[in-house]
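Structure, as structure tokens:
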Amino acid sequence: MLFSKEKPLTVSEATKIVKDLLEESLDKVWIKGEISNLSCPVSGHIYFTLKDAVSQIKVAFFKSSNKFTQSKLKDGKEVIVFGKITIYSKRSEYQIIAEDILIYGEGDLLLEFEKLKKKLSEEGLFNEERKRKIPEFPEKIGIITSPTGAVIEDIIKIIKRRYPVVHLIIYPSMVQGDEAPQQLIDGLAYFNSRDDIDVIILARGGGSIEDLWAFNNENLAREIYKSRIPVISAVGHEVDFTIADFVADLRAPTPSAAAELVVPDKKELLQTLNNLQKTLYNHIINLYTSYYEKILNYENNSVFKKILNFYDEYSQILDEYLVDIKKSIKDLLKNKNEQIKFIYEKLLLLNPYSILKKGYSVVFDENGKIIKNSENVDIGDDINIKLYKGELKANITKTGR
């Protein structure tokens, strides 16, 4: 294409030609440099200048691609940017449309992270079907985290506000550094040795990939996997992901979110109970009304009235039978009383004391045997005479045969 002073290019045309040449001749590239003039507007896009000691280039990292926040990218931070070099037509400036940004030095860690993630995923440690359900109403919660700082303070404050009846047990642990993974593992082992813990929270605040690296430990991941108690991973900010997040039974985006997820809200529970009470009350009233109307309908039903009449008639017959039975029983008792009285009087007549009362006596020999005949004694024998009142002793001086 020929250009001349008679047919000059416009600025836009020239910019477009340069842009097309640049984009066609260069594929996507990795560029290392230092961030300056960082801008994070409310749109969610990220803009900054990438520079070295000699040159600089503008970078646009659009919201659809970026996973970073201003806390991740800072002026002076050395980064590696992956993207396409193009021309920003409005100012005729060349720039990079970024698709990924790595903090310099994090690249090896990310490769290690992805390698371990792939390995454990293939072994089934991340399978959703093996993950345990978090109990709705825990009684005791084990928390493994640093014993000081905002994280533990926020967790305690939120849980006690939402569900004050729960008991919290804190296992102090380092959450950063070479010793942290083993201390976290020891905390999981401790809580699993108890039989009163309902759920465990692993927690720490946000930070760089190096700060969170303890939670990417393979041994820690396997300890979480074999835990018989459900585990909630609450590490970093919402954009931070660790191996512990993938293997845990539940991932909370932040420690504060874990505190919200692990217990119910007492206000919501009370509201639910009130709603259930009202529902139950209305149900009982409706049942009562329904049955009452059915009874009224039965009373007005001709068949039901016949049944009532039949019942009343036989109730009257039954009453008459009861009167007859009572009379028969009364007569029977009277007759039996008279028989008992007659027998009693007979017994009185046969009672020896009744005879003695009339002046008679009973004579016994020395051996206590009743003497019925004078031939049964001899002169000189001693005898006992039983009177109605008292006894007499006598000696035989004469007998009459």
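The values are calculated or read from the model by the stated rules, or taken from the named source; none is laboratory data. Note that the structure is a prediction, hence the values are computed from the model and not measured. Ideal geometry is used to build each Cβ from the backbone, glycine not excepted, and the neighbour counts take in all protein chains shown.
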*Hey, could you check the stretch 94-117 for residues that are charged (D, E, K, R) and at pLDDT 80 or above and say which is farthest from the chain's Cα centre (by Cα)?*
GLU99
_Only one of LYS133, LYS117 that is closer than 25 Å to ASP195 by Cα and of a type outside the set (Gly, Ala, Ser)_ = LYS133
*Does any residue of the stretch 129-147 turn out to be more than 27 Å from LYS266 (Cα to Cα), part of a strand (DSSP E or B) and free of Cβ contacts under 8 Å to residues at least 24 places away in the same chain?*
no
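Okay, residues lined up against (1) loosely packed, with under 14 Cβ neighbours inside 10 Å; (2) under 23 Å from GLU210 (Cβ atoms):
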| residue | (1), (2) |
| --- | --- |
| ILE97 | no, no |
| ILE103 | no, yes |
| ASN127 | yes, no |
| LYS160 | no, no |
| GLU179 | yes, yes |
*Sort out which residues of the stretch 361-387 are among the basic types (Lys, Arg) and part of a loop (DSSP other than H, G, I, E, B), and write them in order of number.*
LYS369, LYS372
_Count of the stretch 56-92 residues which are in a strand (DSSP E or B), at pLDDT 80 or above and either under 14 Å from GLU34 (Cα atoms) or not basic (Lys, Arg) (or both)_ = 14
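Looking only at the stretch 193-220, how many residues end up being in a helix (DSSP H, G or I) and buried (at least 17 other Cβ atoms within 10 Å of the Cβ)?
Summing the residues that are in a helix (DSSP H, G or I) and buried (at least 17 other Cβ atoms within 10 Å of the Cβ) in the stretch 193-220 gives 5.
In this structure, does LYS341 turn out to be out of contact with any helix residue (DSSP H, G or I) (no Cβ under 6 Å at 6 or more places or on another chain) and closer than 27 Å to GLY400 by Cβ?
no
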*Being part of a loop (DSSP other than H, G, I, E, B) and at negative phi is the filter; apply it to the stretch 34-50 and report the residue that is surrounded by the fewest Cβ atoms within 10 Å (Cβ to Cβ).*
VAL42
*Residue among ASN297, ASN309, ASN275, ASN337 that alone is under 30 Å from LYS160 (Cα atoms), out of contact with any Cys (no Cβ under 7 Å at 6 or more places or on another chain) and either modelled with pLDDT of 85 or more or in a helix (DSSP H, G or I) (or both)*: ASN275
